[in-house]
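Engineer: Supplied in structure tokens, the structure appears directly below.
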Amino acid sequence: MTDSFDRLKQDFPILNQVINDEPLVYLDNAATTQKPQTVLDAVETYYHTSNANVHRGVHTLAERATSQYEGSREVIRNFINAAETAEVLLTRGTTTSLNWVARSFGEVVVEAGDEILISYMEHHSNIVPWQQLAKKKQAKLVYVELTEDGQLDLDDFQNKLTDKTKIVSLTHVSNVLGVVNPIQQIADWVHEKNGYLVVDGAQAVPHMPVDVQALQADFYAFSGHKMLGPTGIGVLYGKRALLEQMEPVEFGGEMIDFVEEQDSTWKELPWKFEAGTPNIAGAIGLAVAVQYLERIGMENIAQHERELIEYVMPKLKQIKGLTIFGPEDLRFRTGVISFNIDGVHPHDVATAMDMEGVAVRAGHHCAQPLMTYLNQPATARASFYIYNTKADADKFVEAILATKEFFLNGLN
């Protein structure tokens, strides 16, 4: 399977360059992915041929833009198997989507004394909105522990899931540990307690098949730029019955039905949430990115990443002084590998690897509570995707060895 992916790199113009006299090996895909030529062309073509505001005009360009924009919503609906396009809200990204749920739905269902359940592996965008909601509503924010190898502790989860739990918000896949959480099982437990499940799918949707109806998530959020699409575009899926209960959190043009002097009424779903001129080009680009992924096949993409991880992990484990975070069992993780080299700060690791042409991330990865939990100030992180190859994995290993040699022996 992996060999058939090797040709994909030629679809991504940015990857055909030299960094510090070395061919670029891009392994920062958990932060953002590169864009295939088809996506770049789609955005450019929109601006060259169809640029107009949507939903407002009756002239040819406006109708063309509206058709493409709403057509993108249908492409995305089909990709995640939402029941209808009314359940697919186009946002600026995962962060916006989660904030909308916390600020609108959270305001409706959470009361003083209620509990909101999250985990220590969450991204800041799935922590801070719930902190603010808990403060405002005098609710309690409860954290689920992790197992020794970094998986969600399901026993602790079940112990902390009580009749007071109103909202559970969890990542589908950790952006640091690569852990894949059993969302469908968790949804069953949450709904048995009459709670609601919110899922941060930013690190899942690009890497594996996601069927929101099968998962039974009440809300599911993800970002376009992490799945070959443009920046500034994302999706919030929500069950229609729940979206109907929510009030918009932004107000202005597009989302209104009628405005009187002292009051206004809202459009029907999904438009009642989408105030102002949307990211039209972003939505069009995201739809083309989805179609690119669909041609490859999400099962094939998941298998490709598994093969890369199975190939590189044994090589990494042979490196003395290298700590890898996350599950030992590769069945429970994606292509995210967070690591540290003993005696070398992660930022120095990333800088040195960049000199080898290998782009990795270093820092707290917007997951400071997790870093505290792991007793680490930061980690380095490599994250693989569809255009990465076994040759990239080999270069990654070589760069770690070169970095380790430079810092631990080269200065003697």
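The values are calculated or read from the model by the stated rules, or taken from the named source; none is laboratory data. Nothing here was measured: the structure is a model prediction, and the numbers come from that model. A quick note on method: Cβ atoms are made from the backbone with ideal geometry, for glycine too, and the neighbour counts reach across all protein chains shown.
Engineer: Can you go through THR32, THR38, THR66 and tell me which one is within 24 Å of the chain's Cα centre (by Cα), hydroxyl-bearing (Ser, Thr, Tyr) and assigned to a helix (DSSP H, G or I)? Break it down into steps so the answer makes sense when it comes.
Structural biologist: Values: THR32 fails: assigned to a helix (DSSP H, G or I); THR66 fails: within 24 Å of the chain's Cα centre (by Cα).
Step by step, each of THR32, THR38, THR66 is checked, and only THR38 is within 24 Å of the chain's Cα centre (by Cα), hydroxyl-bearing (Ser, Thr, Tyr) and assigned to a helix (DSSP H, G or I).
Engineer: Something else: Might you let me know whether segment 109-131 holds any residue that is within 23 Å of THR95 (Cβ to Cβ), among the small types (Gly, Ala, Ser) and not in a loop (DSSP other than H, G, I, E, B)?
Structural biologist: Yes: segment 109-131 contains one or more residues that are within 23 Å of THR95 (Cβ to Cβ), among the small types (Gly, Ala, Ser) and not in a loop (DSSP other than H, G, I, E, B).
Every residue, every condition in (1) basic (Lys, Arg); (2) crowded, with 17+ Cβ neighbours inside 10 Å; (3) more than 27 Å from LEU228 (Cβ to Cβ), yes or no:
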{"site": "HIS347", "(1), (2), (3)": "no, no, yes"}
{"site": "ALA352", "(1), (2), (3)": "no, yes, yes"}
{"site": "ARG361", "(1), (2), (3)": "yes, yes, no"}
{"site": "ALA367", "(1), (2), (3)": "no, yes, no"}
{"site": "LEU370", "(1), (2), (3)": "no, yes, no"}
{"site": "GLN376", "(1), (2), (3)": "no, no, yes"}
{"site": "ASP392", "(1), (2), (3)": "no, yes, no"}
{"site": "LYS395", "(1), (2), (3)": "yes, yes, no"}
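Engineer: Applying the selection to segment 355-370, what residues are on the phi < 0 side of the Ramachandran plot and in contact (Cβ under 8 Å) with a residue 60 or more places away in the chain?
Structural biologist: Scanning segment 355-370 gives MET355, GLU356, VAL358, ALA359, VAL360, ARG361, ALA367, GLN368, PRO369, LEU370.
Engineer: Give me the pairs: first residue in segment 258-277 and among the β-branched types (Val, Ile, Thr), second residue surrounded by 10 or more Cβ atoms within 10 Å (Cβ to Cβ), beta-carbon distance under 6 Å, and six or more apart or on different chains, which are they?
Structural biologist: THR265/ASP257; THR277/ASN53
Engineer: Follow-up question, since we're still on this one. Please determine, by comparing only the residues of segment 147-188 that are among the β-branched types (Val, Ile, Thr) and within 16 Å of LEU98 (Cβ to Cβ), which one is farthest from the chain's Cα centre (by Cα).
Structural biologist: Selected residue: ILE167.
Engineer: Oh, and also: Do any helices (runs of 4 or more DSSP H) entirely within segment 308-409 hold 2 or more residues that are of a type in the set (S, T, N, Q), and if so, which?
Structural biologist: Correct list: 368-374.
Engineer: Taking GLY326 as meeting all but one of (1) on the phi > 0 side of the Ramachandran plot; (2) surrounded by fewer than 22 Cβ atoms within 10 Å (Cβ to Cβ), write down the number of the exception.
Structural biologist: (2)
Engineer: A further question on this structure: Could you list, in sequence order, all residues of segment 66-109 that are closer than 21 Å to THR33 by Cβ, among the hydroxyl-bearing types (Ser, Thr, Tyr) and either crowded, with 23+ Cβ neighbours inside 10 Å or at pLDDT below 95 (or both)?
Structural biologist: Of everything in segment 66-109, those that are closer than 21 Å to THR33 by Cβ, among the hydroxyl-bearing types (Ser, Thr, Tyr) and either crowded, with 23+ Cβ neighbours inside 10 Å or at pLDDT below 95 (or both) turn out to be SER72, THR91, THR94, SER97.
Engineer: Kindly indicate the residue of segment 144-166 that is of a type outside the set (S, T, N, Q) and loosely packed, with under 13 Cβ neighbours inside 10 Å and also modelled with the lowest pLDDT among those meeting that condition. First the steps, then the outcome.
Structural biologist: So in segment 144-166, the residues of a type outside the set (S, T, N, Q) come out as 144-146, 148-150, 152-157, 160-161, 163-164, 166.
Then keep just the ones that are loosely packed, with under 13 Cβ neighbours inside 10 Å; that gives 148, 155, 163.
Numbers: GLU148: 93, ASP155: 98, ASP163: 97.
Step by step, filter segment 144-166, then rank; the result is GLU148.
Engineer: Please enumerate the residues belonging to segment 1-29 that are surrounded by fewer than 17 Cβ atoms within 10 Å (Cβ to Cβ), β-branched (Val, Ile, Thr) and not in a helix (DSSP H, G or I).
Structural biologist: Scanning segment 1-29 gives VAL18, ILE19.
Engineer: A further question on this structure: Tell me, which residue of segment 69-96 that is β-branched (Val, Ile, Thr) and in a strand (DSSP E or B) is nearest to ILE233 (Cα to Cα)?
Structural biologist: Selected residue: THR91.
Engineer: With GLN303, GLN216, GLN203 as the choices, which residue is touching a helix residue (DSSP H, G or I) at 6+ places or on another chain (Cβ under 8 Å) and within 30 Å of LYS9 (Cβ to Cβ)?
Structural biologist: GLN203
Engineer: Hey, any hits in segment 116-129 for a residue that's of a type in the set (Val, Ile, Thr) and free of Cβ contacts under 8 Å to residues at least 12 places away in the same chain? Before the answer, list the steps.
Structural biologist: From segment 116-129, those of a type in the set (Val, Ile, Thr) are 116, 118, 127-128; that's our starting set.
With the extra rule that they be free of Cβ contacts under 8 Å to residues at least 12 places away in the same chain, the set shrinks to 128.
So far as segment 116-129 goes, yes, one or more of its residues are of a type in the set (Val, Ile, Thr) and free of Cβ contacts under 8 Å to residues at least 12 places away in the same chain.
Engineer: Taking the stated definitions as given, is ARG381 touching a residue at least 60 places away in the same chain (Cβ under 8 Å), in the same structural domain as GLN10 (by TED's automatic domain parsing), touching a strand residue (DSSP E or B) at 6+ places or on another chain (Cβ under 9 Å) and not hydrophobic (A, V, I, L, M, F, W, C)?
Structural biologist: On the way: touching a residue at least 60 places away in the same chain (Cβ under 8 Å): yes; in the same structural domain as GLN10 (by TED's automatic domain parsing): yes; touching a strand residue (DSSP E or B) at 6+ places or on another chain (Cβ under 9 Å): yes; not hydrophobic (A, V, I, L, M, F, W, C): yes.
Here the answer is yes, as ARG381 does meet what is asked.
Engineer: On the given criteria, is LEU141 modelled with pLDDT of 95 or more, part of a strand (DSSP E or B), touching a helix residue (DSSP H, G or I) at 6+ places or on another chain (Cβ under 9 Å) and among the aliphatic types (A, V, I, L, M)? Can you show your working first?
Structural biologist: Values: modelled with pLDDT of 95 or more: yes; part of a strand (DSSP E or B): yes; touching a helix residue (DSSP H, G or I) at 6+ places or on another chain (Cβ under 9 Å): yes; among the aliphatic types (A, V, I, L, M): yes.
Criteria met by LEU141.
Engineer: For PHE251, only one of the following conditions fails: (1) in the same structural domain as VAL173 (by TED's automatic domain parsing); (2) closer than 28 Å to LEU40 by Cα; (3) not acidic (Asp, Glu). What is its number?
Structural biologist: (2)
Engineer: Of everything in segment 329-343, what is surrounded by fewer than 19 Cβ atoms within 10 Å (Cβ to Cβ) and either out of contact with any Asp or Glu (no Cβ under 9 Å at 6 or more places or on another chain) or without any contact (Cβ under 8 Å) to a residue 24 or more places away in the chain (or both)? Give them in sequence order.
Structural biologist: Those that are surrounded by fewer than 19 Cβ atoms within 10 Å (Cβ to Cβ) and either out of contact with any Asp or Glu (no Cβ under 9 Å at 6 or more places or on another chain) or without any contact (Cβ under 8 Å) to a residue 24 or more places away in the chain (or both): ARG331, ASP342, GLY343.
Engineer: I'd like the full set of residues that are surrounded by fewer than 24 Cβ atoms within 10 Å (Cβ to Cβ) and of a type outside the set (A, V, I, L, M), limited to segment 204-217.
Structural biologist: PRO209, ASP211, GLN213, GLN216
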